[in-house]
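Working notes, beginning with the structure itself.
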Amino acid sequence: MKKGLLVFMSMMLVMGVLAGCASSKEGAGSNAAKVEVNKEGFPIVDEKITLSLFAPNVGIAKWQDMKYFQEMEKRTNIAFNFNTPPNESFETQKNLLFASNELPDVFYAASLTNSDVTKYSEQGLLIPLDDLIDEYAPNVAAMLEKYPDIKKTITALDGHIYTLPTVNRTSPPWNIHPMWYNGDFLAALNVTELPTTTDELYDLLVRFKTEDPNGNGLPDEIPLTAAEMWDINQWFMGFFGVVARAVGTYDGEVKYGAIQPEYKEYLEYMNKLWKADLFDHEAFSQTGEQKGAKGKKNQVGLFANWGAGSFMGVEESDKHPMMQPVTGPNVSQPVIPISPGQSINQFAISNTNKNPEATMRWIDYSYSPEGSAFIKGLDEGDLWEFTDDTKTKRINLKDLGDKKGTMTPEYGINVPLWADEAYELSFANEYDVFVKNETAEKIVKYGQVAMPQLFLTAEELDQIAGINADLVAYVEQMEAKFITGAIPFSEWDKYVETANKIGVDKVVEVYQTAYDRYAAN
Amino acid sequence: MLLDTFSDKVFKFFNYTFLTMALVVVLYPVIFIVSASISSPDLVNSGEMWLLPKGITFEGYKMVFDNPQIWNGYKNTLIYTFLGTSINLLVTIPASYALSRKDFVGRGLITGLLLVTMFVSGGLIPSYLLIKSLGLIDTIWVMILPGAASVYNIIVCRTFFQGSIPGELEESAKIDGASNLTLFLKIILPLSAPIIAVMALFYGVGHWNSYFNALIYIRNQDLYPLQLVLRQILVLQEMSAEMTMDAATAEAMQNKATIADTVKYAVIIVATLPLIVIYPFMQRFFVKGVMIGSVKG
């Protein structure tokens, strides 16, 4: 008995020691004392400081190995301890940090929600940035001055700014990937004028189906495909005048798209395409890859993707035109939702940060022309080169693959910066110009931001918590059922009634109040 | 030799039919994945490849073998599996033997307390706080210590000891002057090979497949186990209509989708092969061990 006890005790002891070793490693976070900040130029601080930074990792490289951070450390004298959980589990990790009060000094590319910002700023966990911006961030201040709508959007309900956004007003303001026609199909059918009404579109889709535009002698053409409805529904709803399936603004009035009569027209139209077998019957079950496989086999006439070429497995070119939005019978003009041009809440400083001034100066660099160019492309020869000695045009190096992701965090996530127009345009090639023109002609012309990014009060959030998720799930389910004909349109009134019961009114009311508050500022 | 009666024949017919169906259902996904891993992803996605490989390419395997993260993950998983399983056994076997002894005072109470933990757990955030206070965050021990003893396995083991080792054996050993430790090491352990093998398999598979602890508690990418590395390659960020992004982000995501498409099946094979190889060797213990534990208990 004694021996047994001895063995057991020694085992426990060993384990205790192991655990002890481990714990001595903890506390490697930042705890640099406050240091003097240089107000201009580099380095930002004379004495090196280390801050802790929390950001999502897309899984290509460790952040401490990235050239961007190594260079920035040399220039600014600010180093970081990185906590970068995988992008897919970032949300969970973020909530754990707040729950365990283990805050990093800096939230970077963290995509906080507006309700996060409201909640944690009230608790004092995030610090207000307004004064810091005025004093230490001339580039951020210039940006806010240039775009008052951004300032309006990022100002929290208490009148302070707690986070900085990623701003890009140069790239095409797509809210989602646009839709493209298969140019080969159009050429085979001698179509020179793109359809402008929903009826003309229907006729064209019928021709795609029946006239064998891919010329293989088989009736294997799929006129219109999608991988779930979100893939294409922003466009098709827009043809009938619905700007969003959920809350959207119509001349200052907030409406819930999915219960409007115009939305019913959209469903009926999609149902018509479905019944005529013009809309891919695998649309609700296939994955993006399966959809892509059909594109590469040259079977699809009309589809949504970031580029037509990458969908069809060929070089991008101006051969494939962007879809011309068509007009429904009861509207004068379609409406296409566009991106507000910024991704909010990508940068915040927590109350544990002992050097908020230095941090602010550090991030301000990403909002300057040379700073945003540096984080996007680093130095010449890393990812791009000048095309000639005038050094005005840049071109990406060949066969980069994922190389960018090993050098800078600006890959696959929205990092806080203000994209510099001159830098962006210096890359523009023929295809980019084509896309830009197509976007101006076919999206921006009809474009509207469905709903500005609004701050809700804690009370308002409580009111609609739960309702929103239920509503979206119900509407989405019914959208599929109406389109596939699983439920006849005689059930429409019942559907609207159920949606109202779940709480459409409440949601609309809350958003109307918040929108009015936003508009009044 | 007796001829089969009619009813025997009917029975056999259905028996073979059902077994064949079961075999097809189980075997098809395995063959599909093996074939898909060496087929061109486009043909797999378009559904043209459904049984035998088409458009054979080893690009997927090449990418897997060229990826240093996967190898590092492999190494980590091997460490976690061997070290973790050893500690699991070191804890489980003595604990369950002690609980199986009728002369162990308070064993009912201790068993009861253990059982409670099967039904009530702390939840994610309290667990996180505990692990954090123990200083285990971002160390390999977080992969090994928190689940060192599984109550379910302790109960299975205890039942085995109670059922298959006769009390007389213990008595006679004691009369011959064996202490408890001698009894455990010299008599009980040699008789328990089947249950030890079964436990090693249970725990080993658990460690091999586990990723959740790593997901929550490990930050240093050098410590990621294989499954987490695979998850990072395969799980594509969910795109939604509400998401706004610029061209660079879209391009990165499309790149990732293409890579995931190519390596998906190769990665599945590489990650499960070791278990598939080990399993037949452990299986004889497995069947015997569980039978002894349950039937005679």
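Run A:LEU218 past the list (1) within 30 Å of A:ALA514 (Cβ to Cβ); (2) without any contact (Cβ under 8 Å) to a residue 24 or more places away in the chain and report the number of the one that doesn't hold.
Checking A:LEU218 against (1) within 30 Å of A:ALA514 (Cβ to Cβ); (2) without any contact (Cβ under 8 Å) to a residue 24 or more places away in the chain, the one that fails is (1).
Out of curiosity, is A:MET270 without any contact (Cβ under 8 Å) to a residue 60 or more places away in the chain, part of a helix (DSSP H, G or I) and either out of contact with any His (no Cβ under 8 Å at 6 or more places or on another chain) or closer than 16 Å to A:PRO325 by Cα (or both)?
no
Among the residues of region A:82-110, which ones are at the interface with chain B (Cβ under 10 Å from one of its Cβ atoms) and either outside any helix (DSSP H, G or I) or in contact with a strand residue (DSSP E or B) (Cβ under 9 Å, 6 or more places away or on another chain) (or both)?
Those that are at the interface with chain B (Cβ under 10 Å from one of its Cβ atoms) and either outside any helix (DSSP H, G or I) or in contact with a strand residue (DSSP E or B) (Cβ under 9 Å, 6 or more places away or on another chain) (or both): A:PHE82, A:ASN83, A:THR84, A:PRO85, A:PRO86, A:ASN87, A:PHE90, A:GLN93, A:LEU97, A:SER100, A:ASN101, A:GLU102.
If the requirement is being at pLDDT 80 or above, surrounded by fewer than 16 Cβ atoms within 10 Å (Cβ to Cβ), hydrophobic (A, V, I, L, M, F, W, C) and in a helix (DSSP H, G or I), which of these qualifies: B:ILE276, B:ILE269?
Criteria check complete, one pass: B:ILE276.
Within region A:267-296, restricting attention to residues that are surrounded by 19 or more Cβ atoms within 10 Å (Cβ to Cβ) and among the charged types (D, E, K, R), which residue is nearest to the other protein chains (Cβ to nearest Cβ)?
Only one residue fits best here, namely A:GLU289.
Residue-by-condition table, conditions (1) closer than 30 Å to B:TYR211 by Cβ; (2) free of Cβ contacts under 8 Å to residues at least 60 places away in the same chain:
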| position | (1), (2) |
| --- | --- |
| A:PRO43 | no, yes |
| A:GLU71 | no, no |
| A:LYS74 | no, yes |
| A:ASN77 | no, yes |
| A:ASN81 | yes, yes |
| A:VAL106 | yes, no |
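Could you identify the single residue in B:ASP103, B:ASP66, B:ASP138 that is within 13 Å of chain A (Cβ to nearest Cβ), over 23 Å from the mean Cα position of the chain (by Cα), under 27 Å from B:VAL229 (Cβ atoms) and among the acidic types (Asp, Glu)?
B:ASP66
Please tell me if A:TYR250 is buried (at least 20 other Cβ atoms within 10 Å of the Cβ), more than 10 Å from every other protein chain (Cβ to nearest Cβ) and either on the phi < 0 side of the Ramachandran plot or polar (S, T, N, Q) (or both).
no
Which of (1) touching a residue at least 12 places away in the same chain (Cβ under 8 Å); (2) crowded, with 19+ Cβ neighbours inside 10 Å does B:THR111 not meet, given it meets every other one?
Every condition holds for B:THR111 apart from (2).
Give B:LEU78, B:LEU109 a once-over and let me know the one that is out of contact with any helix residue (DSSP H, G or I) (no Cβ under 8 Å at 6 or more places or on another chain) and closer than 22 Å to B:VAL156 by Cα.
Going through B:LEU78, B:LEU109 in turn, the sole match is B:LEU109.
Just to be sure before I move on: is A:PRO409 more than 11 Å from every other protein chain (Cβ to nearest Cβ) and under 18 Å from A:SER339 (Cα atoms) in the structure I sent?
no
Name the residues in region A:156-175 that are touching a helix residue (DSSP H, G or I) at 6+ places or on another chain (Cβ under 7 Å) and under 18 Å from A:ALA137 (Cβ atoms), would you?
Passing the criteria: A:ALA156, A:HIS160, A:ILE161, A:TYR162, A:THR163, A:LEU164, A:PRO165, A:VAL167.
Would you check if B:GLY60 is of a type outside the set (Val, Ile, Thr) and surrounded by fewer than 13 Cβ atoms within 10 Å (Cβ to Cβ)?
no
Go through B:ILE93, B:ILE70, B:ILE33, B:ILE38 for me and flag whichever is within 16 Å of B:ASP261 (Cα to Cα), crowded, with 18+ Cβ neighbours inside 10 Å and in contact (Cβ under 8 Å) with a residue 12 or more places away in the chain.
B:ILE38
So B:ILE38 ticks every box in (1) of a type in the set (A, V, I, L, M, F, W, C); (2) at pLDDT below 85; (3) touching a Pro at 6+ places or on another chain (Cβ under 7 Å) but one. Which box is left unticked?
(2)
In region A:308-329, which residues are more than 9 Å from chain B (Cβ to nearest Cβ), in contact with an Asp or Glu (Cβ under 9 Å, 6 or more places away or on another chain), of a type outside the set (Lys, Arg) and more than 26 Å from A:GLY241 (Cβ to Cβ)?
Answer for region A:308-329, where residues must be more than 9 Å from chain B (Cβ to nearest Cβ), in contact with an Asp or Glu (Cβ under 9 Å, 6 or more places away or on another chain), of a type outside the set (Lys, Arg) and more than 26 Å from A:GLY241 (Cβ to Cβ): A:ALA308, A:GLY309, A:MET312, A:SER317, A:ASP318, A:HIS320.
Give just the number: which of (1) modelled with pLDDT of 90 or more; (2) buried (at least 19 other Cβ atoms within 10 Å of the Cβ) does A:ASP65 not satisfy?
Looking at each condition in turn, A:ASP65 falls short on (2).
When you scan region B:79-99, do you find a residue that is more than 27 Å from B:PHE184 (Cβ to Cβ) and not hydroxyl-bearing (Ser, Thr, Tyr), even just one?
yes
Return the residue satisfying two criteria in turn: it lies in region A:43-56 and is closer than 12 Å to A:ARG75 by Cα and surrounded by 14 or more Cβ atoms within 10 Å (Cβ to Cβ), and of such residues it is nearest to the chain's Cα centre (by Cα).
Top of the filtered list is A:ILE44.
May I ask you to list the residues in region A:331-372 that are surrounded by fewer than 20 Cβ atoms within 10 Å (Cβ to Cβ) and among the small types (Gly, Ala, Ser)?
Within region A:331-372, A:SER332, A:SER368, A:GLY371 meet the criteria.
The values are calculated or read from the model by the stated rules, or taken from the named source; none is laboratory data. Remember, predicted model here, so these are calculated numbers, not experimental data. Methodologically, a virtual Cβ is constructed for each residue, glycine included, from the backbone with ideal geometry; neighbour enumeration extends over all protein chains shown.
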